Amino acid sequence: MGILERMMSKSEQKKVYKKLSKSSIIINLSVIFVIFIVLNTLINTGVLNRYYSTILVLILVAIIMSTSLNIGTGFLGQLILGHAGFMAIGAYTAALIGIALNDVIVNDFLFISRNLIIFIIAGSGAMFTASIAGLLVGTPALRLRGDYLGIMTLGFGEIVRVIITNLEITNGAQGLMGIPRLMTFPIAFWTTVIVVLIIYLFMSSRHGRAILSIREDEIASESVGINITKYKIMGFVLASLFGGLGGAVFAFQGGFLAPVSFGFIKSVEIFVIVVLGGMGSISGAIIAAIILTFLPELLREFDQYRLLLYSGLLVVTMLFRPQGLMGTKELDPKKQIRKVYRFIKKIIKKDINKGSDL
Amino acid sequence: MDVELFIKQIINSLNTGSIYALVAIGYTMVYGIIRLINFAHGEIMMFGAYFAFIIATSIPVGLPFFVIVLVSMALAALMGILTEKIAYKKLRTAPRISALITAIGMSLFLQNLAQLIFGANPKVMPQVISNEPIMFGNIAVPQVMMYTISMSIGIMILLTLFVKKTRAGKAMRAVSQDKEAAMLMGININGIISLTFAIGSALGALGGIFYSIAYSQVYPTLGVMTGLKAFIAAVFGGIGNIGGAMIGGYAIGFIETMTKGYISSRWSDAIVFGVLILILLFKPSGILGKNVKEKV
């Protein structure tokens, strides 16, 4: 598409992330707190049993995975088909650290629970190894464009899977057992909140805008002095880093890891979430992660149709709504509240007017 | 080094190479025409194998091998045309990433459809080719391999002649070079694209049938790994280039068989993918591909 056409078409106007204003920080934080308190009390009082709290944590994992992939695919505009590889690296690193620390750290330290301490150490390890892998793959790979990059990351994901299957320390194809199951809902929840917040802050910074400009037009952004290689690698490494953290949460949730769960299908599942949510929309990725993790659980009896539905949905979305659920828009609680407020005001006004007529 | 074993490995690698080459041609032809990596191609290959399985098991009269093959290839060709019409046609002008995502979706869809229809468990492929090996001196070669290698090479020669000598082949090359100019010259683009999908899918199905006979089983995920490796073969030879796909197919078959035979069977997949990454890094356009400069 030519630049002129692009400037003229309104649909091309895309979201640029602004710095959060004070009021929206307060509103967003309070919405998050309310959600947390409601869910946490529901879990503590036993209304949501273990099965549902497990699903909740899995949803949080899906949110971390999809928002992190969104940096690479949605914002940077690169096709990444091996995100499960980073997840696997993070998950196995965290699991191995967790197993090693489980006997060492026995007591809570001051106010911090033992689970949290182990998770912080293991999670940092996971982020470290995943981001190293991201750097090693990303540096050469990002010279490639479009489908070639997709194939290369796909190859990377498969290689990670084969390596994990054949290593002894990961216990090969049988899977790694005996990982301490220390993931609690609050830890997973606040980890997710922090990840999403960091991604938002990053996207609203100078670096984030540079990354968005690369997606829109690589050549144009290069010619205005943006260091394309640097920002591409930055985006890629950030995506892999949080992908590794998602893997860490996943590892401590299930207590068991097998290489089969990190195959090409897993990468595609994460990718589908990003595409359906709208490439380049954080809230879209979150909403799609919730729907696509929860829906299959509701349809447990139709388990065999689950992937058929997934893939059919993907094709239909691409054919009829290629921009996904949210496009590049974001859900802003402040705006929603304002809308509701105006709506109520209108109704009240109408009522008052009616009243005066009578 | 054991010479007999080595010759056997060479024949094995020719066999797997033929299958990869047949499937890789489908990837490369479609890419050449509409610049799309047709991820669903591996699934068409799998369906081809299932078609042969159904025909061979449901009809009590022992049909000759060629009839089974031809009918399944025709069915697969029809399926390829339908996939294009349903999923890809609308996206011809869309951004390439959308078409690619659709292809991935289509691939998963067909795979799960097969799982629903035929069940997830592998089915035993009937022996449509006599399993009595042919002896070359001391070396026994299964008849299936003879069929696979000779038929693949024959078909590839035919395909090359078709693309180089016939009118339709010429039109195909024209469309792959410049779609709009070809249209202005009075070439029926939709027809040519359908033809490409039909030929590619038929050859893919043939590869699938040979694969399933060689391993004597059919299963819904048959197309995933084989399809990926065939795709690597297409990239190896230079995607979009038919001759490249053939060379790439035999090269990947050779690399895989030799690592399985002499290094480690557990690491062979990693090595094949490693080869892919190395090619992409150092010569992304493949052995025979041309370097395309990006226009501003």
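Name every residue in the stretch A:212-230 that is of a type outside the set (A, V, I, L, M) and either free of Cβ contacts under 8 Å to residues at least 12 places away in the same chain or out of contact with any Asp or Glu (no Cβ under 9 Å at 6 or more places or on another chain) (or both), in order of residue number.
Keep residues of the stretch A:212-230 that are of a type outside the set (A, V, I, L, M), which gives A:213, A:215-218, A:221-223, A:225, A:227, A:229-230.
Within the stretch A:212-230, A:Ser213, A:Arg215, A:Asp217, A:Glu218, A:Ser221, A:Glu222, A:Ser223, A:Gly225, A:Asn227, A:Thr229, A:Lys230 meet the criteria.
Restrict the check to the stretch A:251-258 and report whether at least one residue is in a helix (DSSP H, G or I), away from chain B (no Cβ under 13 Å) and in contact with a strand residue (DSSP E or B) (Cβ under 9 Å, 6 or more places away or on another chain).
Checked against the condition, which is being in a helix (DSSP H, G or I), away from chain B (no Cβ under 13 Å) and in contact with a strand residue (DSSP E or B) (Cβ under 9 Å, 6 or more places away or on another chain), the stretch A:251-258 yields at least one hit.
Can you confirm whether the stretch B:42-54 contains a residue that is closer than 21 Å to B:Leu203 by Cβ and either loosely packed, with under 14 Cβ neighbours inside 10 Å or modelled with pLDDT under 90 (or both)?
Going through the stretch B:42-54, the residues closer than 21 Å to B:Leu203 by Cβ turn out to be B:42-54.
Checking the rest, the ones that are also either loosely packed, with under 14 Cβ neighbours inside 10 Å or modelled with pLDDT under 90 (or both) come to none.
The answer is no, given that none of the residues of the stretch B:42-54 is closer than 21 Å to B:Leu203 by Cβ and either loosely packed, with under 14 Cβ neighbours inside 10 Å or modelled with pLDDT under 90 (or both).
Evaluate the following for A:Ala188: is it touching a helix residue (DSSP H, G or I) at 6+ places or on another chain (Cβ under 6 Å) and under 18 Å from A:Thr67 (Cβ atoms)?
yes
Output the number of residues of the stretch B:115-125 satisfying the condition of being more than 10 Å from chain A (Cβ to nearest Cβ) and crowded, with 16+ Cβ neighbours inside 10 Å.
Total meeting the criteria: 4.
When the residues of the stretch B:103-114 are filtered to those that are out of contact with any Lys or Arg (no Cβ under 9 Å at 6 or more places or on another chain) and facing chain A (nearest Cβ under 7 Å), which remaining residue is nearest to B:Gly48 (Cα to Cα)?
Checking each candidate, the answer is B:Leu113.
Return the only residue of B:Ile129, B:Ile86 being outside any helix (DSSP H, G or I) and either within 13 Å of chain A (Cβ to nearest Cβ) or at pLDDT below 90 (or both).
Numbers: B:Ile86 fails: outside any helix (DSSP H, G or I).
The match here is B:Ile129.
Taking the stated definitions as given, is A:Leu142 in contact (Cβ under 8 Å) with a residue 40 or more places away in the chain, over 24 Å from A:Leu60 (Cα atoms) and of a type in the set (A, V, I, L, M, F, W, C)?
Numbers: in contact (Cβ under 8 Å) with a residue 40 or more places away in the chain: yes; over 24 Å from A:Leu60 (Cα atoms): yes; of a type in the set (A, V, I, L, M, F, W, C): yes.
The answer is yes for A:Leu142.
Name the helices (runs of 4 or more DSSP H) wholly inside the stretch B:177-296 in which the number of residues that are modelled with pLDDT under 90 and over 20 Å from the mean Cα position of the chain (by Cα) is 2 or more.
B:179-184, B:268-282
Would you tally the residues in the stretch B:204-241 being more than 14 Å from chain A (Cβ to nearest Cβ) and either of a type in the set (Asp, Glu) or surrounded by fewer than 24 Cβ atoms within 10 Å (Cβ to Cβ) (or both)?
Residues in the stretch B:204-241 being more than 14 Å from chain A (Cβ to nearest Cβ) and either of a type in the set (Asp, Glu) or surrounded by fewer than 24 Cβ atoms within 10 Å (Cβ to Cβ) (or both): 6 in total.
Could you identify the single residue in A:Thr54, A:Thr93 that is in a helix (DSSP H, G or I) and buried (at least 18 other Cβ atoms within 10 Å of the Cβ)?
Numbers: A:Thr54 fails: buried (at least 18 other Cβ atoms within 10 Å of the Cβ).
After applying the criteria, what remains is A:Thr93.
What helices (runs of 4 or more DSSP H) lie completely within the stretch A:159-225 and have 1 or more residues being among the β-branched types (Val, Ile, Thr) and crowded, with 19+ Cβ neighbours inside 10 Å?
A:185-203, A:206-216
Pairs under 8 Å by beta carbon, first residue in a helix (DSSP H, G or I) in the stretch A:336-354, partner surrounded by 10 or more Cβ atoms within 10 Å (Cβ to Cβ) and modelled with pLDDT of 80 or more, six or more apart or different chains?
Close Cβ pairs (under 8 Å, with a partner that is surrounded by 10 or more Cβ atoms within 10 Å (Cβ to Cβ) and modelled with pLDDT of 80 or more) amount to A:Ile337/A:Ile27.
Is it the case that B:Ala270 is under 25 Å from B:Leu288 (Cα atoms), within 13 Å of chain A (Cβ to nearest Cβ), among the small types (Gly, Ala, Ser) and surrounded by fewer than 24 Cβ atoms within 10 Å (Cβ to Cβ)?
In short, yes.
As an exercise: evaluate A:Leu135 against (1) under 24 Å from the mean Cα position of the chain (by Cα); (2) crowded, with 16+ Cβ neighbours inside 10 Å and give the number of the one condition it does not meet.
The one condition A:Leu135 does not meet is (2).
B:Thr102 is checked against (1) farther than 17 Å from B:Ile209 by Cβ; (2) in contact (Cβ under 8 Å) with a residue 60 or more places away in the chain and fails just one. What number does that condition carry?
Condition (2) is where B:Thr102 drops out.
The values are calculated or read from the model by the stated rules, or taken from the named source; none is laboratory data. Treat the numbers as computed from the prediction; the structure is a model and nothing was measured. Backbone-built Cβ (ideal geometry, glycine too); neighbour counts: all protein chains shown.
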